[in-house]
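Scroll down for the structure; my scribbles are underneath it.
Just so it is clear, none of the values below were taken in a lab; they were calculated from the coordinates. What you see is a predicted model, and the numbers here were worked out from it, not measured in a lab. For neighbour counting, all protein chains shown are included, and Cβ atoms are generated from backbone atoms with ideal geometry for every residue, glycine included.
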């Protein structure tokens, strides 16, 4: 009789970036657990990010529907839960299913010390490597291959649909973000774009469209504002086909890392030491540049972000060295 497959439930409810960051653990679970069957529980709105992932056997969408969802999850007979969220909601799922589980260390105390008291005791470890702690009971190890992002064929964007000026190469600039204090100001983006040697595609949601138009009006036809015109997978397709990427600390930054792109990540009120910087295999790390202002006494002011700078000056973004950013983006990079 063949051995019963191990059924594993991975939990990560949000956000886009965090779900992309779980992809390395999911891949290693699928490849390293003998006859493993991997399920993923997330918020329903994030299902499209996971739909094309061949390492996931089934995606479960949460939409405030635990009353009906929990019984269905129980019927699956999971052997183990890999909790990559570690909050009250994921704790509820673990308690209701009553199977063995493990969670990753969130380091909330260390983050609080960094934000409130400016005491840096955060370990030098990326959140992806912390995620792997939750898979250790299954003897799963990091394969060092970085992140994954799988785009459904229907969402691939053909270069032929872009302006002719952009069909032979471009720099993708992610101008969106959930919090204003994590967004590179439009005037700084304009400075960068004017000095680049390649055309630019601006990426973001509908809420970023107006900012994109402002940038386009100051930089000319060499800049294409795609904000609000593409869904997430289509934006990922544009990231995949870009020569290089400039991004705020946001979800598409991690998508760019999944495609091993040449990346400049821009950091305002948050810091890379929180463990959320672009996660790349060792051979690709030279293709990532961190753009930040070191030495500001007020930074980090939050582990998430604010609508405006609490101090009023926003020096963490305004003082970023544009020339350094431009030199890196104009360079050929290892992938070229």
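For the reader, a short list of remarks on this structure follows.
- Put in order of Cβ neighbour count within 10 Å, fewest first, the listed residues 263, 16 become 16, 263.
- Relative contact order of segment 7-138, pairs being alpha-carbon contacts under 8 Å that are 6 or more residues apart, as %: 26
- Alpha carbon Rg of segment 153-330, scaled by the compact-globule rule 2.2 N^0.38 Å: 0.97
- Listed residues 228, 17, 295, most fluctuating in the chain (Gaussian network, C-alpha, under 10 Å): 295
- Relative exposure of 38, 59, 25, judged by other C-beta atoms within 10 Å (fewest first): 59, 38, 25
- Relative contact order %, segment 246-286, counting alpha carbon pairs below 8 Å whose residues are six or more apart: 43
- Chain lengthening between residue 319 and residue 283 when straightened (0.36 nm per residue, less Cα-Cα): 9.9 nm
- Distance between the C-alpha centres of segment 245-313 and segment 168-244: 16 Å, rounded to the whole angstrom.
- Seen against the Cα atoms of the chain and their longest principal axis, helix 88-97 is set at about 20 degrees.
- Virtual spin-label span in nm between residue 154 and residue 297, 7 Å along Cα→Cβ: 5.7
- Theoretical gain in end-to-end length, residue 142 to residue 207 [0.36 nm per residue, Cα-Cα removed]: 19.7 nm
- The structure-derived value of mean projected area of the Cα convex hull in nm² appears in the list (i) 17.0; (ii) 23.2; (iii) 18.1 under the label (iii).
- Contour excess over end-to-end distance, with Cα ends at residue 161 and residue 290 and 0.36 nm allotted per residue: 43.3 nm
- For the chain, relative contact order (Cα pairs under 8 Å, six or more residues apart, normalised by length) works out to 17 percent.
- FRET efficiency, 1/(1 + (r/R0)^6) with R0 25 Å, evaluated for residue 133 and residue 92 via beta carbons: 0.75
- Residues 73, 84, 21, sorted so that the one with the fewest Cβ neighbours within 10 Å comes first: 73, 21, 84
- In Å, descending, principal axis extents of the Cα set of segment 7-138: 47, 32, 28
- Pairwise centroid distance, computed over Cα atoms, of segment 63-118 with segment 145-165, Å: 33
- Degrees separating the helix 23-32 axis from the principal Cα axis of the chain, which is the longest one: 40
- Folded to 0 to 90 degrees: helix 209-219 orientation relative to the chain principal axis, Cα: 30
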